[in-house]
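Note sheet for the following structure.
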Amino acid sequence: MTTGLRSGQLAETAGVNLQTLRYYERRGLLAEPERTPGGHRLYPHDAVTIVRVIKAAQRLGFTLDEVAELLEAGQHRHGRRMPGLQERAADKLAEIDARIADLNTIRSALADAMNAGCDDLSVCAASQTCPLPFTGLAQENRHAEPCC
């Protein structure tokens, strides 16, 4: 290989730092590059696309293990069956929808606590009218007084 990008050029073009490139190499996400006679890494030009794809997939919520599997699936479509982007994206959407539902529940509980005037977790946990989910945490200290 006579042309390519040195580590610094790749990092700058792809918008990452040098340690990220080394880490991706160690994880097998980025192929180990050829070396110049002076020992400098020399990456092919398509490495920019690969690094950008990795970062975009991370922003979409994929872990580096999942990204590695997606990259491998894209390279080995022939042969054994591997889940591709469609299947992985559907799984990730279901995961995100579940997290959104959890966050909406948490948001609602916090809004209820604010509306009830809760200001002290210990007092609120002991109150039967506390809107926060302290069920069973302060059974022995329950008072008949209103929350907080």
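A few notes on this one:
- Any chance GLN86 is polar (S, T, N, Q), part of a helix (DSSP H, G or I) and at pLDDT below 95: yes
- Residue match in segment 89-101 (condition: closer than 30 Å to THR129 by Cβ, more than 15 Å from the chain's Cα centre (by Cα) and modelled with pLDDT of 90 or more): yes
- Residue pairs meeting the criteria (Cβ under 7 Å; at least 6 apart or on separate chains; first surrounded by 10 or more Cβ atoms within 10 Å (Cβ to Cβ), in segment 59-85; second modelled with pLDDT under 80 and not in a loop (DSSP other than H, G, I, E, B)): LEU70/LEU85; MET82/ALA73; PRO83/ALA73; GLY84/ALA73
- In segment 37-61, residue nearest to THR3 (Cα to Cα) [restricted to those that are part of a helix (DSSP H, G or I) and out of contact with any Leu (no Cβ under 9 Å at 6 or more places or on another chain)]: THR49
- Taking segment 8-36 as the range and being of a type in the set (A, V, I, L, M) and either more than 14 Å from LYS55 (Cα to Cα) or assigned to a helix (DSSP H, G or I) (or both) as the test, the residues that pass are LEU10, ALA11, ALA14, LEU18, LEU21, ALA31.
The values are calculated or read from the model by the stated rules, or taken from the named source; none is laboratory data. On a predicted model such as this, the values are computed, not experimentally measured, just so you know. Note that each Cβ is placed from the backbone with ideal geometry, even for glycine, and that neighbours are counted across all protein chains shown.
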